[in-house]
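Some notes on the structure that comes next.
All of the numbers you see were taken from the coordinates with simple rules; none came from a lab. Please read all numbers here as calculations on a predicted model, not as lab measurements. Glycine gets a Cβ as well: all are built from the backbone with ideal geometry, and neighbour counts include every protein chain shown.
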Amino acid sequence: MWNDDVSLSIVHSSHHLILAKGFLKPSNQHYNLVCMYGDPHHLKTTTIWEEVATFVLDNLGIPTFCMGDLNNIMHVNEKFGPNLAARIHNFCCLVKMASLIWGLVD
């Protein structure tokens, strides 16, 4: 439920990405929000993650939450198919470049 204790302003939006800055009034805490729908064809993946990395690195010291369907994997046991090793390596490098810590919620 949304209330006046939470403010959110959109910094950038596109078909694959929403970048926003927020503020929690009760705790006086700024935060960033990244909502992503990763390119399922992997044609724009690098561009999308470069935008995320720029946003995160321009706001160092502010907690950033990244969520959505990233349409990618970090471990070979998550999917079967060709060229997984290269795709996994590239994706892990993009996550590291964006200074994000990977966490999963079940």
By average Cβ neighbour count within 10 Å, what is the ranking of 40-50, 2-12, 60-70 from highest down?
40-50, 60-70, 2-12
Collect residues whose amide H, placed 1.01 Å from N in the peptide plane, falls under 5 Å from the amide H of Asn71; neighbours closer than 5 in sequence don't count.
Gly38
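Any idea what diffusion coefficient segment 6-97 gets from Stokes-Einstein, in µm²/s, Kirkwood Rh on alpha carbon pairs, 10 °C, 1.306 mPa s?
111 µm²/s
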By how many nm would the segment from Val6 to Ile18 lengthen if fully extended, with 0.36 nm per residue of separation less the alpha-carbon distance?
2.6 nm
Mind giving me the nanometre distance, one decimal, between the label points for Lys96 and Ile62, set 7 Å out from Cα along Cα→Cβ?
2.7 nm
Sorted peptide list for 30-39, 87-96, criterion being average Cβ within 10 angstrom, highest first:
30-39, 87-96
Could you give the nm distance between label points at Asn71 and Lys25, where each point is 7 Å from its Cα heading toward the beta carbon?
3.8 nm
